[in-house]
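A.B. asks: What follows is a single structure, and I will ask about it in a moment.
The values are calculated or read from the model by the stated rules, or taken from the named source; none is laboratory data. What you see is a predicted model, and the numbers here were worked out from it, not measured in a lab. All Cβ positions, even for glycine, are placed from backbone atoms using ideal geometry, and neighbour counts span all protein chains on display.
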Amino acid sequence: MVFLFNIFYQLGDSLAFLLLAAIGLAVIFGMMKIINLAHGEFITVGAYGTVVSGKVLNLPLPIAMAFGVLVTVIFGLILEKFIIRYLYGRPLDSVVATWGISLIVSQSFLVIFGPSYEGLQTPMGNFQLGEFSYSEYRIFLIFFALFLLSLLYYLFMKTSFGTLARATIENPSISSSMGVDVKSVYTATFAIGAGLAGVTGALYAPTMTIVPSIGQAFIVSAFITVVTAGASPFVGLVPAAAFLGTVQTSVTFFYKSTIGLIAILCAVILIIRYLPNGFSGLILKTRSK
Amino acid sequence: MTKNSLLKIENLSSGYGSTIIVNNFSFEVNKGEILAITGSNGMGKTTLMKTIMGLLEAREGKISFKEEDITNSSPDYRSKSGIGYVPQGREIFSALTVEQNIMLPVYTRKKMSFNVNDKLEEIYSLFPILKEKRSANGSSLSGGQQQQLAIARALIFDPEIIILDEPAEGIQPSIVSFIGKILTDLSKNLKKTFIVVEQNISLISQLNSDCILVEKGILTKKLKSSEINTVEKARNLLSLHN
């Protein structure tokens, strides 16, 4: 029983990490096709926004987290207005530009806040099961990641804004001839993607050492999860994260975390080879039969 | 501009890059009228329609809609002013369901002057196949069904004028005739205004409307409806090369 719970806990923790790492990128890269190499820095902004406001302004953690997300949304809006909006439909240029942004932001954090910043205490407590101790906050993160993804699915698949966003991304010029204010829809969608990355940073801030490169811990996981999810990220994200999480957890369980990371990368190569449209392609194909 | 004039094009020129495709084009469409525009492939008909919709920049000339100069307005402004558009190739959003495709223009408007659900039912009564497939993906429809969907998408916000670019292209004759009947009925009963770019002679004669012929981006003939109201007369006078 304890053994099974332990497996599910590790799996859930890995699933939550992959989902939360990928959720903002699923919008910006998965939907908008901006290869955002600064995704990690959006997470960094969210994490620093949370920690700095928690420490300096002495805000309670949930408020500090909301503040961190707000700062990331504003950061995203500024970037969209001055840089990103000129890169829609130019994926290769977006790689260079967002890489540049990534370098500037991480170095700025290093200059302003130094090589590390005092972190926040992990909220909630721990509970004991057999000889193992488990973090309640980690369990909360699993449910919150699934809740956030459901919310995002509802927003983009079931609301009028989601319809406008999907139409605009598919065909901006025809959308505009139907009355869509394309610029505003792009800006709002990008801000949502940035905000979600901010949520990830805010949620993980109390669990990690706060360093300027904190976002780098997420970027590889984010890209491999979104790529494995495929063309319709909201459909493919959960199975992709579950699959990759299972591979990583089971290999790490028997060997060590470095081997787990290698296993996950090998799994992604196999997925791209045999499911070029990712998990969402497989699901949509099965559904249409 | 005449009293009933809804859309007026004056000396309009446009094109791509350094190439001018539409050259010094002028015409006028009155309220409740159907105007057919025809010409062979590559003569500039679609370029002209895209320029009227604001998808291409006008190099010279003026576009007036309801006496307002919209030459430099954005496409979404033109749509919200009351111009509906059924683009060439239909351009259905494949990521959206049939109903989401139809409702898209409604979502862009803060409020409508009529009950949207009633309007949707009215459109479904015109195109029953769309009601049947309302939850299906737009891309799963046949060409004829997609064309009906593109027209439904333009009708939903009750625009004053609808521009249709080659609605008969790649569609089986029975559906072409069905579309022709819908357009003539809407014009006759609801005084709707249409610009129909078309090469299909039987649809042009069915519309029983005035027609202009475009050759190499220039308006070369203006014909009265009585001159082309049979397929034979239309074929002789319009001399299309395909």
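A.B. asks: Could you tell me which numbered condition residue A:128 fails, if it satisfies all but one of (1) more than 19 Å from residue A:17 (Cβ to Cβ); (2) buried (at least 16 other Cβ atoms within 10 Å of the Cβ); (3) out of contact with any helix residue (DSSP H, G or I) (no Cβ under 8 Å at 6 or more places or on another chain)?
C.D. replies: Here residue A:128 meets the rest and fails (2).
A.B. asks: Okay, next question. Among (1) more than 8 Å from chain A (Cβ to nearest Cβ); (2) surrounded by fewer than 22 Cβ atoms within 10 Å (Cβ to Cβ); (3) under 20 Å from the mean Cα position of the chain (by Cα), there is one condition residue B:83 misses while meeting the rest; what is its number?
C.D. replies: (2)
A.B. asks: Another question about this same structure. Take the residues of segment B:136-185 that are without any contact (Cβ under 8 Å) to a residue 24 or more places away in the chain and within 26 Å of residue B:108 (Cα to Cα): which is surrounded by the fewest Cβ atoms within 10 Å (Cβ to Cβ)?
C.D. replies: Looking at the filtered set, the residue picked out is B:140.
A.B. asks: Within segment B:120-135, can one find any residue that is within 25 Å of residue A:166 (Cβ to Cβ), touching a helix residue (DSSP H, G or I) at 6+ places or on another chain (Cβ under 9 Å), buried (at least 23 other Cβ atoms within 10 Å of the Cβ) and of a type in the set (Gly, Ala, Ser)?
C.D. replies: No, the conditions are met nowhere in segment B:120-135.
A.B. asks: Of all residues in segment B:107-119, which are more than 14 Å from residue A:166 (Cα to Cα) and within 9 Å of another protein chain (Cβ to nearest Cβ)?
C.D. replies: B:109
A.B. asks: Moving to a separate point now. Those residues that are within 20 Å of the chain's Cα centre (by Cα) and either on the phi > 0 side of the Ramachandran plot or in a helix (DSSP H, G or I) (or both), I need them from segment B:123-137; list them, please.
C.D. replies: B:123, B:124, B:126, B:130, listed by residue number.
A.B. asks: Tell me which residues, restricted to segment B:185-213, are hydrophobic (A, V, I, L, M, F, W, C), at pLDDT 85 or above and in contact with a helix residue (DSSP H, G or I) (Cβ under 7 Å, 6 or more places away or on another chain).
C.D. replies: Within segment B:185-213, B:194, B:196, B:197, B:203, B:204, B:207, B:211, B:213 qualify.
A.B. asks: Which condition number does residue A:179 fail, the rest of (1) more than 14 Å from chain B (Cβ to nearest Cβ); (2) outside any helix (DSSP H, G or I); (3) among the small types (Gly, Ala, Ser) being met?
C.D. replies: Exception for residue A:179: condition (1).
A.B. asks: Suppose we keep only residues that are outside any strand (DSSP E or B), basic (Lys, Arg) and surrounded by fewer than 22 Cβ atoms within 10 Å (Cβ to Cβ) within segment B:47-77. Which one would you say is nearest to the other protein chains (Cβ to nearest Cβ)?
C.D. replies: Looking at the filtered set, the residue picked out is B:66.
A.B. asks: Looking only at segment B:2-23, which residues are surrounded by fewer than 15 Cβ atoms within 10 Å (Cβ to Cβ) and modelled with pLDDT of 90 or more?
C.D. replies: Across segment B:2-23, the qualifying residues are B:11, B:16.
A.B. asks: Among the residues of segment B:91-106, are any crowded, with 18+ Cβ neighbours inside 10 Å, more than 11 Å from chain A (Cβ to nearest Cβ), in contact with a helix residue (DSSP H, G or I) (Cβ under 9 Å, 6 or more places away or on another chain) and not in a loop (DSSP other than H, G, I, E, B)?
C.D. replies: Yes, segment B:91-106 contains a residue that is crowded, with 18+ Cβ neighbours inside 10 Å, more than 11 Å from chain A (Cβ to nearest Cβ), in contact with a helix residue (DSSP H, G or I) (Cβ under 9 Å, 6 or more places away or on another chain) and not in a loop (DSSP other than H, G, I, E, B).
A.B. asks: Any idea which of A:155, A:146, A:203, A:164 is assigned to a helix (DSSP H, G or I), farther than 30 Å from residue B:88 by Cα, modelled with pLDDT of 90 or more and within 14 Å of another protein chain (Cβ to nearest Cβ)?
C.D. replies: None of the others qualify; the one that does is A:155.
Okay, residues lined up against (1) in contact (Cβ under 8 Å) with a residue 40 or more places away in the chain; (2) exposed (fewer than 13 other Cβ atoms within 10 Å of the Cβ); (3) not aliphatic (A, V, I, L, M):
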residue	(1), (2), (3)
A:48	yes, no, yes
A:54	yes, no, yes
A:59	no, no, no
A:69	yes, no, no
A:100	no, no, yes
A:115	yes, yes, yes
A:145	yes, no, no
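A.B. asks: Same structure, new question: What single numbered condition from (1) in a helix (DSSP H, G or I); (2) over 25 Å from residue A:69 (Cβ atoms); (3) among the aliphatic types (A, V, I, L, M) fails to hold for residue A:231?
C.D. replies: Only one criterion is unmet by residue A:231, namely (1).
A.B. asks: Shifting gears a bit: Please go through segment A:147-189 and give me each residue that is of a type in the set (Ser, Thr, Tyr), within 18 Å of residue A:22 (Cβ to Cβ) and buried (at least 19 other Cβ atoms within 10 Å of the Cβ), ordered by number.
C.D. replies: Within segment A:147-189, A:189 is the sole residue that qualifies.
A.B. asks: Residue by residue through segment B:29-55, note down the ones that are more than 25 Å from residue B:185 (Cβ to Cβ), touching a strand residue (DSSP E or B) at 6+ places or on another chain (Cβ under 7 Å) and at pLDDT below 95.
C.D. replies: Result: B:39, B:43, B:44, B:46, B:47, B:48.
A.B. asks: While we're on this one: Going by what's in this entry, would residue A:84 be described as within 19 Å of the chain's Cα centre (by Cα) and either small (Gly, Ala, Ser) or modelled with pLDDT of 95 or more (or both)?
C.D. replies: So residue A:84 fails the test.
A.B. asks: When residue A:37 is evaluated against the numbered criteria (1) farther than 23 Å from residue A:161 by Cα; (2) in a helix (DSSP H, G or I); (3) modelled with pLDDT under 95, which criterion, by number, is the only one it fails?
C.D. replies: So the condition that residue A:37 fails would be (2).
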